[in-house]
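What follows is a set of notes on a single structure, which appears directly below.
The values are calculated or read from the model by the stated rules, or taken from the named source; none is laboratory data. Predicted model only: the values in this text are computed from it and were never measured. With ideal geometry, Cβ positions are generated from the backbone for all residues, glycine too; neighbour counts draw on all protein chains shown. To get the accessible areas, we keep the full protein, side chains included, count just its heavy atoms, and leave off ligands, DNA and RNA. Shrake-Rupley method; radii C 1.70, N 1.55, O 1.52, S 1.80 Å.
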Amino acid sequence: MDTGGEGPPVGAWLLPWAPASASRACELPRLLQGLQPVGYLASPGVATKAPGSGSWLGIGGSGSRAVHWEGLTGPRPLPTGRRDSSGIRLHYTATLRRFDAGIMELGLVYTPVMAIPPGEMAFVLTGYCTDKCTQLALPPSGIRIFASQLHTHLTGRKVLTVLARDGREREIVNRDNHYSPHFQEIRMLKKEVTVYPGDVLITSCTYNTEDRTLATVGGFGILEEMCVNYVHYYPQTQLELCKSAVDAGSLQKYFHLVNRFNSEDVCTCPQASVPQQFASVPWNSFSRDVLRALYGFAPISMHCNKSSAVRFQGEWDLQPLPEITSTLLEPAPQCPASQAQSPAGPTVVSISGGKG
């Protein structure tokens, strides 16, 4: 990689822009409203064609990146005479940067074994990038995370990724306590986070399913759920996905236990899929609390994957949860005191222009 001239301060921009017609903006996906340009730093850049890649823009590895686009067609066509001018601009430079940047997925694997019971106000699921994976896949000098995009589907309310080292939570990578799936953005971190071999990255998502009557399982569908943090970092490594899910065998033991407790009402037959099994669970305090406890102590299946979707060599099933002995305190809200004085009583306002 050429480590020559610094060039312009931005190596690549991912720039969504709003339509020319402001009156039409409310009908476009809220994802594109109010976002700022995402500029890579002076040192890292994005290769326009990764080695061995068939894609023209190999962001984060040898595979291409998909852009989910909700067009104004079908049941919601554009009115006659209106033109949709929304889109994405990519600005590039021929001046190579010192480092290639990469994108890594943290959080939970897209699998139905991770589920949220119905009627929950704040149910938490957690995914891990374990010390075993970072020890194997990261360079001795570590990587530096400089941007982050949090992601869930419709029931997500909070997302948090924290860095832990030697069993202690050290710093927050990204947090959104008021997350909305309708406003997702790549956020530049105020301070780069350095991740060394042996560190742990823990991503937790809080969900609200009070308006649902069936369990919400993990998956790709919009009515299913995800818990992901796409972190932008440098220098690029082979590690593209560092995520986990509860051990499938441990989940089957949960179904058997709930089945015995509820007079054999839950289907635990081998031909039943995990979503079918969750759909048959009677959601009482026992089944809810046991599932929450299962996710908090059962072994996990780790996905420590290269960009080729092949796992790094090693044993990744039935892995113990990382042992965390010290957690960070949630910061108190820093809201400035209001300077305005509340009126002592109702204020009479004349709207008659001074005439009686």
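Worth pointing out:
- Overall form of the stretch 279-329 per C-alpha gyration tensor (a/c, 1.5; a/b vs b/c): oblate
- Phi-derived couplings, Karplus 6.51 cos²θ - 1.76 cosθ + 1.60 at θ = phi - 60°, listed residue by residue for the stretch 311-319: 5, 4, 5, x, 9, 10, 8, 6, 8 Hz, with x used for Gly and Pro.
- Shape of the stretch 78-234, Cα gyration tensor, a/c cut at 1.5: oblate
- Sorting the segments 246-252, 134-140 by their mean number of nearby beta carbons within 10 angstrom, highest to lowest, gives 246-252, 134-140.
- Cα-based shape type of the stretch 76-131, given that a ≥ b ≥ c are square roots of the gyration tensor eigenvalues and the cut on a/c is 1.5: oblate
- Heavy-atom accessible area with a 1.4 Å probe sorts His153, His91, largest first, into His91, His153.
- Protection proxy ranking, highest mean first, for peptides 308-319, 178-189, 234-245: 234-245, 178-189, 308-319, where packing is the per-residue count of other beta-carbon atoms within 10 Å, averaged.
- Annotation: amide H of His91 within the under-5 Å range of Trp13, sequence separation 5 or more or interchain, hydrogens built in the peptide plane.
- In order through the stretch 95-108: 3J(HN,Hα) via Karplus (6.51 cos²θ - 1.76 cosθ + 1.60), integer Hz, x for Gly, Pro: 7, 5, 8, 5, 10, 7, 8, x, 10, 10, 8, 10, x, 9
- Using C-alpha pairs below 8 Å separated by at least 6 residues, the relative contact order for the stretch 193-274 is 14 percent.
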